[in-house]
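Q: The following block contains the structure, expressed as structure tokens.
The values are calculated or read from the model by the stated rules, or taken from the named source; none is laboratory data. What you see is a predicted model; the values in this text were computed from it and never measured. Using ideal geometry, Cβ is built from the backbone for each residue, glycine included, and neighbour counts are taken over all protein chains shown.
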Amino acid sequence: MTILPSMLAADYGHLADETARCEAAGADALHIDVMDGHFVPNLNFGPTVVAAFRRATKLHLDVHLMLERPDLYAMRFAEAGADAISIHVEAPCDIAATLRSIRERGLRAGIVLKPATAADAVKPFIGLFDYVLVMTVEPGYGGQKFMADMLPKIKALATMTPKFPIMVDGGISATTAPLCIEAGATELVAGSALFGAKDMAAAISAMRG
């Protein structure tokens, strides 16, 4: 089970230290949320911050673009050092072309579903993405409660063919992680439950099951 600490929950005044903490705790990758204040009601990291993460770690950088126009910015994040870039299927742009452009740079391309979006929304793009990210909270803010009614969506994605990795983000903890794994998740993003833990390594181990 791949575990990705969400840097949205990190101490922004000590990001290099927080990155080192994730490495020491055995994290598989870092998950970096990017918000534009339009697609979601919040603002945060840009390409220069992703570049700073790249300088601070050799861990895989998974960048989640919560942007109105991810097609206009994906390559800037690729240049900043992202290893994977995911975009929302709900974004008002050419999703297929954007996924192709991410892959053409040699990166993993992901497609993201908001809670209200059905699993079938990914079907037109099968073959163009490398993983699906299921949001189990409304995107935009950390610390929200896990939406258990998203578990059937994870199960539906897990039955599609060909098989693909399923990442889950939102309210993930030692309690909710097993539910997601049982439903078919293969990668888990966790913020508050990891950065708020006294022992992050133990918290990561508990999520792996």
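Q: Can you list residue pairs whose Cβ atoms sit under 8 Å apart, with the first residue in region 190-209 being farther than 11 Å from residue 10 by Cα and touching a residue at least 60 places away in the same chain (Cβ under 8 Å) and the second being surrounded by 14 or more Cβ atoms within 10 Å (Cβ to Cβ) and basic (Lys, Arg)? Count only pairs 6 or more apart in sequence or on different chains.
A: Pairs found: 200/21.
Q: Here's another thing I want to ask about it. Which of the helices (runs of 4 or more DSSP H) found entirely inside region 137-209 contain at least 2 residues meeting this: out of contact with any helix residue (DSSP H, G or I) (no Cβ under 8 Å at 6 or more places or on another chain)?
A: By residue number, 177-183, 200-208.
One line per residue, one yes/no per condition, for (1) β-branched (Val, Ile, Thr); (2) buried (at least 19 other Cβ atoms within 10 Å of the Cβ):
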| residue | (1), (2) |
| --- | --- |
| 155 | no, no |
| 161 | yes, no |
| 168 | yes, yes |
| 172 | yes, yes |
| 177 | no, yes |
| 185 | no, yes |
| 202 | no, no |
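Q: Can you tell me how many residues in region 126-148 are surrounded by 16 or more Cβ atoms within 10 Å (Cβ to Cβ) and either closer than 21 Å to residue 69 by Cβ or of a type in the set (Val, Ile, Thr) (or both)?
A: 10
Q: Out of curiosity, is residue 129 closer than 30 Å to residue 97 by Cα, in a loop (DSSP other than H, G, I, E, B) and of a type outside the set (Gly, Ala, Ser)?
A: Yes.
Q: If you check 1, 35, which single one turns out to be touching a Gly at 6+ places or on another chain (Cβ under 7 Å), within 27 Å of residue 158 (Cα to Cα) and not small (Gly, Ala, Ser)?
A: Exactly one residue qualifies, and that residue is 1.
Q: Name the single residue, out of those in region 64-97 being crowded, with 24+ Cβ neighbours inside 10 Å and of a type in the set (Val, Ile, Thr), that is nearest to residue 115 (Cα to Cα).
A: Looking at residues that are crowded, with 24+ Cβ neighbours inside 10 Å and of a type in the set (Val, Ile, Thr), I get 87.
Q: Basic (Lys, Arg) and touching a strand residue (DSSP E or B) at 6+ places or on another chain (Cβ under 8 Å): does that describe residue 103?
A: yes
Q: Could you tell me which numbered condition residue 97 fails, if it satisfies all but one of (1) of a type in the set (Gly, Ala, Ser); (2) in contact (Cβ under 8 Å) with a residue 24 or more places away in the chain; (3) under 22 Å from residue 191 (Cα atoms)?
A: Just one mismatch for residue 97, condition (3).
Q: Now a separate question. Does any residue in region 11-30 that is in contact (Cβ under 8 Å) with a residue 60 or more places away in the chain and surrounded by fewer than 16 Cβ atoms within 10 Å (Cβ to Cβ) come within less than 9 Å, Cβ to Cβ, of a residue that is of a type outside the set (D, E, K, R) and outside any helix (DSSP H, G or I) six or more places away or on a different chain, and which pairs are these?
A: Listed by first residue and then by second, the contacts come to 26/3.
Q: A further question on this structure: What's the number of the only condition in (1) modelled with pLDDT of 95 or more; (2) surrounded by fewer than 16 Cβ atoms within 10 Å (Cβ to Cβ); (3) more than 25 Å from residue 193 (Cα to Cα); (4) of a type outside the set (A, V, I, L, M) that residue 38 fails to meet?
A: Unmet for residue 38, out of (1) modelled with pLDDT of 95 or more; (2) surrounded by fewer than 16 Cβ atoms within 10 Å (Cβ to Cβ); (3) more than 25 Å from residue 193 (Cα to Cα); (4) of a type outside the set (A, V, I, L, M): (1).
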